Amino acid sequence: MTPQTITASAAGTWTLGDRTVNRIGFGAMRLTQHGEALTPGAVPRDRDGAIEVLRRAVDLGVNHIDTAAFYFSPLRSANELINRALAPYPDDLVIATKVGPGRDPSGEWQTHATPGQLRGQVEENLRQLGRDHLDVVNLRIVGTGSLAERFGALAELRDAGLVRHLGLSNIQPHHLAEAQAIAPVVCVQNMYGVGASPEQEEFLRLCGEQGIAYVPFYAIAGEGRTAGAGSGDSDQVRAVARARGVSTAQVRLAWTLHRGPHVLAIPGTGDPGHLAENVAAGALRLSPDELAVLDSLRRTAA
């Protein structure tokens with residue numbers, strides 16, 4: 001079976017609140033430029049090519065797109081590309097965005113939003129996407145301090161109908177408990193992938209027990225983070241990929257999806273070929289022996 005014949009439905013589904021999504025989604029961060037994402041001065045990606053990738057993703061059954069107003073580069077905004085490519089939006093499409101961080105027009109990061117500034121960030125996402133409400137808004141956290149005041153501000157926007165569901169990004173378990181005392185949390189976005197720490201594994205398990213979607217970022221790139229996947233693949237990952245005749249990125253995505261039915265993937269790319277491969281990873285079923293080999297990397301990871 002070639003990647004082009006496999007759709008996102010092969011990965012199965014999960015729910016984000018009252019919305020059902022295929023477990024293979026799409027991350028929009030890499031749509032706006034070539035090279036390391038979110039770096040000031042990087043070369044903008046071809047607009048028509050980015051629009052083509054978004055439309056192809058939906059054609060392949062992707063109905064969960066992760067984005068943010070701070071995903072932009074010179075000349076390109078991920079949200080506006082999504083709007084141009086996909087509006088009027090399919091009824092089953094769920095667009096999740098993030099608030100909290102901010103970037104000035106030059107691309108430099110600014111101080112994280114105060115509770116009072118979060119409404120402006122939500123409204124900016126609404127404007128760019130051309131929506132009257134946002135399906136999912138994730139509050140991205142830096143540090144270990146309280147999120148109560150900021151999450152409470154988003155809960156008020158949810159009550160006002162501007163936001164359908166709330167999630168959290170880059171958090172620790174105590175943040176989740178603090179947020180749940182304020183409003184329901186439908187998803188947690190955290191860094192996670194092959195070689196995850198025991199603490200990361202425990203948090204993933206906790207989310208599963210509570211029916212909360214766990215949405216890894218950098219599942220392919222790993223420690224390469226925004227620079228993308230590179231030479232960081234272990235011999236074990238390469239061996240599984242060779243034996244299956246697939247890419248190491250597909251092995252990493254498949255392993256991630258094996259971690260539980262509540263785990264969603266949001267790999268990002270600006271390349272149609274890589275998009276098809278990422279979607280096809282949802283149909284890759286690793287054997288118990290292959291999973292054991294990849295799991296062993298977690299136990300030996302620093």
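Pairing residues of the stretch 143-155 that are free of Cβ contacts under 8 Å to residues at least 40 places away in the same chain with residues that are among the basic types (Lys, Arg), at Cβ distances under 8 Å and at least 6 apart in sequence or on separate chains, gives Ala153/Arg119.
So for the stretch 247-267 (the condition being basic (Lys, Arg), assigned to a helix (DSSP H, G or I) and modelled with pLDDT of 95 or more), does at least one residue qualify? Even if it seems obvious, please write down each step before you answer.
Keep residues of the stretch 247-267 that are basic (Lys, Arg), which gives 252, 259.
Applying the additional criterion that residues be assigned to a helix (DSSP H, G or I) yields 252.
From what is left, the residues that are modelled with pLDDT of 95 or more are 252.
Yes: the stretch 247-267 contains one or more residues that are basic (Lys, Arg), assigned to a helix (DSSP H, G or I) and modelled with pLDDT of 95 or more.
The set of residues in the stretch 154-164 being part of a loop (DSSP other than H, G, I, E, B) and either within 20 Å of the chain's Cα centre (by Cα) or surrounded by fewer than 19 Cβ atoms within 10 Å (Cβ to Cβ) (or both) consists of Ala160, Gly161.
Taking the stretch 202-220 as the range and being outside any loop (DSSP other than H, G, I, E, B) and modelled with pLDDT under 95 as the test, only Phe217 passes. Among the residues making up the stretch 80-115, those that are among the hydroxyl-bearing types (Ser, Thr, Tyr) and either more than 14 Å from Asp135 (Cα to Cα) or not in a loop (DSSP other than H, G, I, E, B) (or both) are Thr97, Ser106, Thr111, Thr114.
Considering only the stretch 259-272, I want to know if a residue exists there that is surrounded by 15 or more Cβ atoms within 10 Å (Cβ to Cβ), in contact with a Ser or Thr (Cβ under 9 Å, 6 or more places away or on another chain) and more than 19 Å from Ala196 (Cα to Cα). Yes, some residue in the stretch 259-272 is surrounded by 15 or more Cβ atoms within 10 Å (Cβ to Cβ), in contact with a Ser or Thr (Cβ under 9 Å, 6 or more places away or on another chain) and more than 19 Å from Ala196 (Cα to Cα).
Mind listing whichever residues of the stretch 165-191 are surrounded by fewer than 18 Cβ atoms within 10 Å (Cβ to Cβ) and either part of a helix (DSSP H, G or I) or under 18 Å from the mean Cα position of the chain (by Cα) (or both)? Scanning the stretch 165-191 gives Gln172, Pro173, His174, Ala177, Glu178, Gln180, Met191. Put simply, of Pro74, Pro90, Pro105 the only residue that is more than 18 Å from the chain's Cα centre (by Cα) and closer than 22 Å to Val58 by Cα is Pro90. Residues in the stretch 103-154 that are among the polar types (S, T, N, Q) and either modelled with pLDDT under 90 or at positive phi (or both): Ser106, Gln110, Thr111, Thr144.
Just one of (1) closer than 16 Å to Ile212 by Cβ; (2) surrounded by fewer than 22 Cβ atoms within 10 Å (Cβ to Cβ) fails for Glu123. It is (1).
With respect to the conditions (1) buried (at least 19 other Cβ atoms within 10 Å of the Cβ); (2) under 30 Å from Leu291 (Cβ atoms), Phe151 falls short on a single one, namely (2). The numbered conditions (1) touching a residue at least 40 places away in the same chain (Cβ under 8 Å); (2) polar (S, T, N, Q); (3) within 27 Å of Leu297 (Cα to Cα) are all true for Asn125 except (3). Would you check if there is a residue in the stretch 38-55 being touching a helix residue (DSSP H, G or I) at 6+ places or on another chain (Cβ under 8 Å), modelled with pLDDT of 95 or more and either β-branched (Val, Ile, Thr) or assigned to a loop (DSSP other than H, G, I, E, B) (or both)? Yes: one or more hits.
Test Val94 against the stated conditions and say whether it is closer than 21 Å to Phe26 by Cα and touching a helix residue (DSSP H, G or I) at 6+ places or on another chain (Cβ under 7 Å).
Answer is no for this residue.
When Val194 is tested against the conditions (1) surrounded by 22 or more Cβ atoms within 10 Å (Cβ to Cβ); (2) within 21 Å of Ile95 (Cβ to Cβ), the lone failure is (2).
Scanning the stretch 85-125 for residues that are within 16 Å of Arg158 (Cβ to Cβ) and acidic (Asp, Glu) turns up just one, Glu123.
The values are calculated or read from the model by the stated rules, or taken from the named source; none is laboratory data. Being a predicted model, the structure only gives us computed values, none of them experimental. Please note: Cβ atoms are built from the backbone with ideal geometry, for glycine as well, and neighbour counts cover all protein chains shown.
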